[in-house]
Amino acid sequence: MSRQQRKRVDGGSRGDGEASSAGDEDDAVFRALASPTRRRMLDVLKRSSCTTGELCSAFADLDRTTVLQHLRVLEGAELVTGRKIGRERHLAIAPLPIKRISDRWIGEYARAAVDLLETLSTGAAMSERTPGM
């Protein structure tokens, strides 16, 4: 399998130059969130920002290189920001990509589910009031 074919299978660029920017950003967020390790890293950063070294220490079961690779994916999806202060790199969670996902996907589907439940509830209430059903 060629590199471009693998990239397509993994959800990368379609190669036609017309992939939507917002769609690409959402894909990057979903790919980043697909890993349990990266979700755990976000949980650590959600509690408080920390340095790269502190994040690596929080994952003693992983070597530093692995943690940094996962961190790179999170930064690529813009879920984590890093700021260098002296010799240390301070990391913080960036909430906007998750809000964008929530607004675009979770919010719309939640509204549809609520509407469906309301329709079912209204239908059930009407059938209880209608004699002979």
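The values are calculated or read from the model by the stated rules, or taken from the named source; none is laboratory data. Here the structure is a predicted model, which is why all the values come from computation and not from measurement. Counting neighbours? That spans all protein chains shown, and the Cβs are built from the backbone with ideal geometry, glycine included.
Observations on the model:
- Selection from region 26-60 of residues that are farther than 19 Å from Pro97 by Cβ and either part of a helix (DSSP H, G or I) or among the β-branched types (Val, Ile, Thr) (or both): Thr51, Thr52, Gly53, Glu54, Cys56, Ser57, Ala58
- Qualifying positions in region 72-129 - of a type in the set (S, T, N, Q) and modelled with pLDDT of 90 or more: Thr81
- The residue that is surrounded by the fewest Cβ atoms within 10 Å (Cβ to Cβ), counting only those in region 70-101 that are in the same structural domain as Phe30 (by TED's automatic domain parsing) and among the basic types (Lys, Arg), is Arg87.
- Residue list for region 66-104, restricted to those being in a helix (DSSP H, G or I) and either touching a residue at least 60 places away in the same chain (Cβ under 8 Å) or hydroxyl-bearing (Ser, Thr, Tyr) (or both): Thr66, Pro97, Ile98, Arg100, Ile101, Ser102, Arg104
- Hits in region 41-63 - residues which are over 14 Å from Leu91 (Cα atoms) and loosely packed, with under 14 Cβ neighbours inside 10 Å: Ala60, Asp61, Asp63
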